[in-house]
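The values are calculated or read from the model by the stated rules, or taken from the named source; none is laboratory data. Just so you know, these numbers come straight off a predicted model, no measurement behind them. Note: ideal-geometry Cβ built from the backbone for every residue, glycine included; neighbour counts use all protein chains shown.
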Amino acid sequence: MEKKDQWDTVILPKINPFDLNLREIWEYRDLLLLLIRRDFVAMYKQTILGPIWFFLQPLLMTLVFTFVFGNIAQISTDGLPKVLFYLSGITVWNYFSNCLTEISNVFRTQVHLYSKVYFPRLILPLSIIFSNLVKLGIQFLLLIIVTLYFYTKGIDISLTANILLIPFIVLLMAILSLGLGLIISSMTAKYRDLVHLVAFGLRLLMYISPVILPLSALPQKYAIFIMANPMTAIIETFRYSLLGTGTFTIEQLMYSICFSLVAFIVGLLYFNQTQQSFVDTV
C-alpha cells in the first residue's frame with residue numbers, strides 16, 4: 001500500500017474571520033525580529049546623520065511649536081516650561097501617528113511580500129509597532145535629558161510612583177494604533193483614496209489633542225469634544241505620570257482603554273477577513 005505524504009505544515013484558507021491562530025505568530029517570531037531590524041536599519045541607511053534624526057526631528061518640531069504657539073500665540077503650557085511641554089506631547093504623538101500611518105499602508109507598501117511567500121499576515125503590522133517602539137525609546141531618552149536639565153535649573157517637576165504608568169500608556173498607544181491601523185489598511189486595500197484622508201486626518205487630530213494646548217486651558221464647552229479623542233487622555237496621563245502636570249482622571253483613561261480595545265478587536269477581525277483576498281484588489 002502506498003504510504004501517504006506526511007507534512008509538517010499544512011496551509012489552508014481562512015474562511016472564518018474569528019480563526020485568528022495567534023499561536024502561529026509566535027512560531028514566526030524570528031521573522032518578526034528580522035523585520036524589526038530591517039525597518040530600523042533601512043530607515044536611515046545611506047544618510048549622513050543616521051539615527052541622530054531620531055533626536056533632531058522632535059527637537060525641531062518642539063522649537064517650532066515653542067516659537068509659534070508658545071512665544072507668538074502665548075498659549076498656556078500648564079505651568080511647564082514650553083520646550084518640555086511640547087516635547088512631551090510630540091514624543092507621544094510621534095509614536096502613535098507613525099504606527100498608524102505605516103500600518104494603514106501596509107497592504108499597499110508590502111504587497112510584494114504578501115503576494116510571494118506565506119507567513120502570518122499580522123507579522124508586518126506587529127513589526128511596525130515594535131520598530132517604532134525602538135524610536136520611541138530613543139526619543140524618550142531625549143525627553144528625560146531635557147527634563148533633567150530643567151530640574152537642575154530649579155523647575156518644580158514632581159517625580160512620583162505615577163511614572164510606573166508610562167509602560168501601560170505605551171502599551172495602550174500600541175493597541176490603539178494597531179487596531180485603527182488594521183481597520184484602515186483593510187479599507188485601503190480596496191479604496192486607495194483613504195491613504196490621503198488618513199494623512200490629513202492625523203494632522204487635524206493632532207490639533208484637537210493636548211499636544212499644543214493643555215486640556216485645563218480649554219473652555220468647558222469645547223473640552224468635551226477634545227475628550228472624545230482617545231489620544232487626549234493618553235497624552236495627559238503621560239505628562240501627569242512623568243512631569244506631575246496634566247489633567248488625569250480614571251474616567252478619561254477608562255474611556256481611552258475601552259476605545260482602544262474595541263478598535264483592536266474590530267481591526268483584528270476585519271484584517272483577518274480582508275487578508276484572504278486583498279492581493280486580488282491591491
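Quick test for you: out of 47, 109, 66, pick the one residue that is modelled with pLDDT of 85 or more and among the polar types (S, T, N, Q).
66
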Q.
I need every pair where a residue in segment 123-152 that is closer than 17 Å to residue 31 by Cα and part of a helix (DSSP H, G or I) has its Cβ under 8 Å from the Cβ of a residue that is hydroxyl-bearing (Ser, Thr, Tyr) and at pLDDT below 90, sequence separation at least 6 or different chains.
A. 123/28; 124/114; 125/185
Q) Mind checking which residues of segment 201-231 are farther than 19 Å from residue 88 by Cα, in a helix (DSSP H, G or I) and at pLDDT below 85? A) 220, 221, 222, 223, 224, 225
Q. Among (1) crowded, with 19+ Cβ neighbours inside 10 Å; (2) of a type in the set (S, T, N, Q); (3) under 20 Å from residue 40 (Cβ atoms), which single condition is residue 57 missing?
A. (1)
Q) Filter segment 214-243 for residues that are of a type outside the set (A, V, I, L, M) and surrounded by fewer than 14 Cβ atoms within 10 Å (Cβ to Cβ); which is farthest from residue 259 (Cα to Cα)? A) 219
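So that you can scan it fast, the table gives a plain yes or no per residue for (1) in contact with a helix residue (DSSP H, G or I) (Cβ under 9 Å, 6 or more places away or on another chain); (2) among the polar types (S, T, N, Q):
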{"position": "56", "(1), (2)": "no, no"}
{"position": "60", "(1), (2)": "no, no"}
{"position": "65", "(1), (2)": "yes, no"}
{"position": "75", "(1), (2)": "yes, no"}
{"position": "82", "(1), (2)": "yes, no"}
{"position": "92", "(1), (2)": "yes, no"}
{"position": "98", "(1), (2)": "yes, yes"}
Q.
Can you tell me which condition residue 119 does not meet? The list is (1) among the hydrophobic types (A, V, I, L, M, F, W, C); (2) over 19 Å from the mean Cα position of the chain (by Cα); (3) within 21 Å of residue 193 (Cβ to Cβ), and all the others hold.
A. (3)
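Restricting attention to segment 98-113, which residues are in contact (Cβ under 8 Å) with a residue 60 or more places away in the chain, of a type outside the set (Phe, Trp, Tyr) and more than 17 Å from residue 132 (Cα to Cα)?
108, 111
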Q) Given the conditions (1) in contact (Cβ under 8 Å) with a residue 40 or more places away in the chain; (2) in contact with a Ser or Thr (Cβ under 9 Å, 6 or more places away or on another chain), and given that residue 215 satisfies all but one, which numbered condition is not satisfied? A) (1)
